[in-house]
Every structure is written in C-alpha cells, then in structure tokens.
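As structure tokens, the structure follows; a few thoughts come after it.
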Amino acid sequence: MATINIRIQRIDQLLDSLDPSPFRGNERALNRNAEDHIVDYAGEYGRAEPLRLTVHAPMSIKPHAAEITRAIHAHFQPAHVKCRRRYRQRMRIGRAMLIAGIAVLGTTLLLRALLGDPGDRAMIEALREGLLILGWVALWRPLDILLFERLEEHKSSALFQRLTQIPVDFEFDLT
C-alpha cells in the first residue's frame, strides 16, 4: 500500500484559513500546498496500488480529525466532477473536429484528383502535394484529442476519484 505522508503542526497548514466558500457546511477547502502535495504524490502510484494518507500531527489536532478527513474527501469531489465534465466536453469537441477534418481531407483529395496528372508542371505538383498535406494536417488535432488527451483526462479523473475516498490515518505526536 502506498502511503502519502503529511506533517502538520497547525490545522491551517492543511485546511485553508481563507476558504473562499465558507457556506459549504463545516467542510473547509484544503490549503493549496497540501493539495499539491497530495495530488503530486498520489499521481506517482498506479491505479491498482491502494493509497493511504497519513497525517502526522500534534495531539492538539486530535479533536479535529473527523473534520479534516471530511474536508479532504469533500475537497477532491468538485475536482473529480470538473474532470469528468471536461472529459465529456473534450470528447464532443474531438468528434466534431474529426468530422470536420475528414471533410477537409475528402475535399483536398477530390481537388487533388481534379488537378489530374501534373506531368512536367512543378506548380501543379506543388499544389497537389500541398493539398495532400493540408488534408492530413486537418486530422492532426482531432486525433490528438481523441487518442492522447482522452488518456490524460481519464487518468486525472480517476486520480481525483481515488482521492475522494482515500483512507486518512492520523499519527499523533505525544510531545
């Protein structure tokens, strides 16, 4: 099991003291540094490897352990929802761009065929090759979105999903 360790002396090192949305109930947002630390370390482990977050803190924080656990889980929920929404939006855009790219490719191939055999005319040959390149370039971005960005977005979404349920342990210092 992969363990992410955080050592704090005060709650505001973990929870944001200037939470921009204080009306969410008793759940507070995570401090930006703590969030970055958790996300960075969690991203290093594969999806199959179980994660655990261990908070090392002084005994004075013990009464706030449940609040901290709820805040951690609640903090990553909107990030997960945002990733899912962005994923669906990117896939819609990718599909629309793919249709447009195929139309451009088809048009350029048709124009290329209409130009016929260039023979010795260098200008016609350059135009034919330019049309072919244009057609293939029109497919570059849609394929990038549908093949590669899909994987990145899915990985981010899965990471935030894991963090909404990460087990949180506390180790309290006696001194």
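Round to the nearest 0.05 the FRET efficiency obtained for Leu147 and Ala65 when R0 = 45 Å and r is the Cβ-Cβ distance.
Values: r = 44 Å, r/R0 = 0.97.
My answer for the efficiency is 0.55.
Per residue, what accessible area does the chain have, given a 1.4 Å probe and all protein chains present, in Å²? If you can, show how the numbers build up before the last one.
On the way: 10800 Å² over 175 residues.
Counting only protein heavy atoms, the per-residue value for the chain is 62 Å².
Please give the helix 65-115 orientation as an angle from the longest Cα principal axis of the chain, in degrees from 0 to 90, rounded to the nearest 10.
Approximately 0 degrees, to the nearest ten.
For segment 97-175, which whole percent of the accessible surface, found with a 1.4 angstrom probe, sits on carbon and sulfur atoms? Present the calculation step by step, with values, prior to reporting the outcome.
On the way: 3590 of 5180 Å².
It is 69 percent, rounded to a whole number.
Over all pairs of distinct alpha carbons, what does the Kirkwood formula give as the hydrodynamic radius of segment 112-165, in Å? Show your work: numbers first, answer last.
Values: mean 1/r = 0.0696 Å⁻¹.
Hydrodynamic radius (Kirkwood, Cα only) of segment 112-165 equals 14.4 Å.
Do me a favour and compute the ellipsoid semi-axes for the chain from its Cα gyration tensor, root of five times each eigenvalue, largest one first, whole Å.
On the way: eigenvalues 597, 46, 30 Å².
With the √(5λ) rule applied to the chain, the semi-axes are 55, 15, 12 Å.
Quick one: helix 150-163 against the long Cα principal axis of the chain, what's the angle to the nearest 10°, folded into 0 to 90?
Taking the Cα atoms of the chain, the angle to 150-163 is about 10 degrees.
Using Cα-Cα distances under 8 Å and only pairs 6 or more residues apart, what relative contact order does the chain have, in percent?
Values: 202 pairs, mean separation 59.3, N = 175.
It rounds to 34 percent for the chain.
So between Asn5 and Arg88, what do we pick up on full extension, going 0.36 nm a residue minus the alpha carbon distance? Could you put the intermediate results ahead of the total?
Details: separation 83, 0.36 × 83 = 29.88 nm, distance 3.31 nm.
Between Asn5 and Arg88, full extension yields an extra 26.6 nm.
The values are calculated or read from the model by the stated rules, or taken from the named source; none is laboratory data. No experiment lies behind these values; they were computed from the predicted model shown. Glycine gets a Cβ as well: all are built from the backbone with ideal geometry, and neighbour counts include every protein chain shown. Calculation scope for accessible area: heavy atoms of the full protein, side chains included, ligands and nucleic acids excluded. Shrake-Rupley method; radii C 1.70, N 1.55, O 1.52, S 1.80 Å.
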